[in-house]
1. Do any residues in the range 215-236 that are among the acidic types (Asp, Glu) have Cβ atoms under 9 Å from those of residues that are not in a helix (DSSP H, G or I), where the two are at least six apart or on different chains, and which pairs are they?
2. Quick one: count up the residues across the range 217-269 that are at pLDDT 85 or above, in a loop (DSSP other than H, G, I, E, B) and within 19 Å of residue 339 (Cα to Cα).
3. Output the residues belonging to the range 217-245 that are within 20 Å of residue 320 (Cβ to Cβ) and hydrophobic (A, V, I, L, M, F, W, C).
4. List the residue pairs whose Cβ atoms are under 6 Å apart, where the first residue sits in the range 426-444 and is outside the structural domain of residue 348 (by TED's automatic domain parsing), the second is modelled with pLDDT of 85 or more, and the two are 6 or more positions apart or on different chains.
5. Name the residue, out of 210, 170, that is aliphatic (A, V, I, L, M), at pLDDT 85 or above and crowded, with 20+ Cβ neighbours inside 10 Å.
6. Condition test on residue 436, is it surrounded by fewer than 17 Cβ atoms within 10 Å (Cβ to Cβ), modelled with pLDDT under 85 and in a helix (DSSP H, G or I)?
7. Check 368, 327, 332, 310 and return the single one that is of a type in the set (A, V, I, L, M, F, W, C) and without any contact (Cβ under 8 Å) to a residue 24 or more places away in the chain.
8. For the range 359-392, give me each residue that is of a type in the set (Val, Ile, Thr), modelled with pLDDT of 85 or more and assigned to a helix (DSSP H, G or I).
Amino acid sequence: MSFATEISFDCILQNVQEEHARQAFVRFDSSNHGRITALDFRKIMTTIKGHMVTDFVEDNLVSVAGGETKHLVSFPYFNAFNSLLNNMEVIRRIYSSITKGDHRVSVTKEEFLHAAQEYSQITPLEVNILFHLCCQGKSTGFSKPAAKVDRTAMVQTLETAYRFTLGSIAGACGATAVYPIDLVKTRIQNQRGGRFIGELMYENSFDCFAKVIRHEGLLGLYRGLPPQIIGVAPEKAIKLTMNDFIRDRLRTTDGSIVLAGEILAGSCAGASQVVFTNPLEIVKIRLQVAGEIQTGPRVSAISVMRDLGFFGLYKGARACFLRDIPFSGIYFPAYAHLKSKFADEDGHNSPTSLLVAGTIAGAPAAYFTTPADVIKTRLQVVARAGQTTYSGVFDCARKILQQEGFRAFWKGGPARIFRSSPQFGVTLFTYELLQRFLYVDFGGKRPEGSEVVLPHILRTCHQLILITSGTETGRCNVRRSRD
């Protein structure tokens, strides 16, 4: 009963609004010709819809008044304009039905008119008004990117330090969350087998996990974690910064970027991190496999670095490039597209959608780069007595294929997926939430990834809908665009 009463009240309230608007039109139509001036139209709208009229809307009420005539507003046009404001939720549904929820897709006027035929509330004149306003927004610069602000070197340095800090925290969270899986993956990949080698310390990943806990304790699963934590600071900062830097320079005038550009940006990000991560990676791996040897002196990060020397820290760097370039080239485009796909109707991502997008994107990137990861691991560990040694990437690949077969290249593949997918999911999830809750305005743009960026012409329509979405049935619920 209360539900029916609420609906009736809304209908009555809307009828009162319509009658109020009609009487205002009649009052300004002193000659009874069914037309009012554009200035009178603006005066009426700022009076009866004053709770939602921004400077942009007010300016364009005059410039688009009456459609193409630009001088007088007819009563049918006046009614259609008010009806459009009252039906913005229907406009949202029509747009979402055309784009299947993908806010990166632009919609033509003809496509919108065709889809609107299923909704009796929307007339062709209302669609004309909507697209006229969108085009007006583009021509007046409403949808153009904000002008760049001149910033001092100190401000830019502080911003860089801020982003490095967020990347470090996010990377540390991601690395710690999945480090036991990474240790198991490394030991499985380093295990030699085949016709010529009889060493089989672990039957599978689960057996390896159980034996580490049995012989080394729970802390054994985190052997080598400190170098990994130290390494994620420059790694994540450089990777995220380089990816954003290249993407920004490959964007088209409407703010979009082609798939090839996304892959290139990700690949450059992967290449840039190797300079910092390879030394820490080799130290981490040698500490991880050190627990397999029960005799001998205790191995520490300092002793490993002393034994390797400066150039030894870059052993396996070619394989690291071979792994990290395609990994980032796959991961970042996949993450960007999944994040847009999981965004809500306002183009905003919930924390859950960020975590899911980051996790799913990591699966193909991790698995398809497993062969390079196997080669890198074999090159960076210390071969024990009786184990095959390798002189380089190609020699390692050849000997693995000859002695252990093609399947050996995919050792640790599942463990790599279970490690990399959640790690990058947690990392990007943490990074983006930190950007939202700890955001500091340095006079530039928001860090890449905090929101979904829409193409400019689409953003104009999207912002227009946001501006006018609070006028249904007299409710005032003005929302600002997140762009």
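1. Going by the 9 Å Cβ cut-off, the qualifying pairs are 216/223; 216/291.
2. 2
3. Passing the criteria: 225, 229, 230, 232, 233, 237, 238, 240, 242.
4. none
5. Working: 210 fails: crowded, with 20+ Cβ neighbours inside 10 Å.
Unique residue meeting the criteria: 170.
6. Details: surrounded by fewer than 17 Cβ atoms within 10 Å (Cβ to Cβ): yes; modelled with pLDDT under 85: yes; in a helix (DSSP H, G or I): yes.
Considered against the rule, which asks whether it is surrounded by fewer than 17 Cβ atoms within 10 Å (Cβ to Cβ), modelled with pLDDT under 85 and in a helix (DSSP H, G or I), residue 436 comes out as yes.
7. Details: 368 fails: without any contact (Cβ under 8 Å) to a residue 24 or more places away in the chain; 327 fails: without any contact (Cβ under 8 Å) to a residue 24 or more places away in the chain; 332 fails: without any contact (Cβ under 8 Å) to a residue 24 or more places away in the chain.
It is 310.
8. Taking the range 359-392 first, the residues of a type in the set (Val, Ile, Thr) are 359-360, 369-370, 374-375, 377, 381-382, 388-389.
Subset that is modelled with pLDDT of 85 or more: 359-360, 369-370, 374-375.
Result: 359, 360, 370, 374, 375.
The values are calculated or read from the model by the stated rules, or taken from the named source; none is laboratory data. Keep in mind the model is a prediction, meaning the values are calculated, not measured. Every residue, glycine among them, receives a Cβ derived from its backbone with ideal geometry; neighbour counts consider all protein chains shown.
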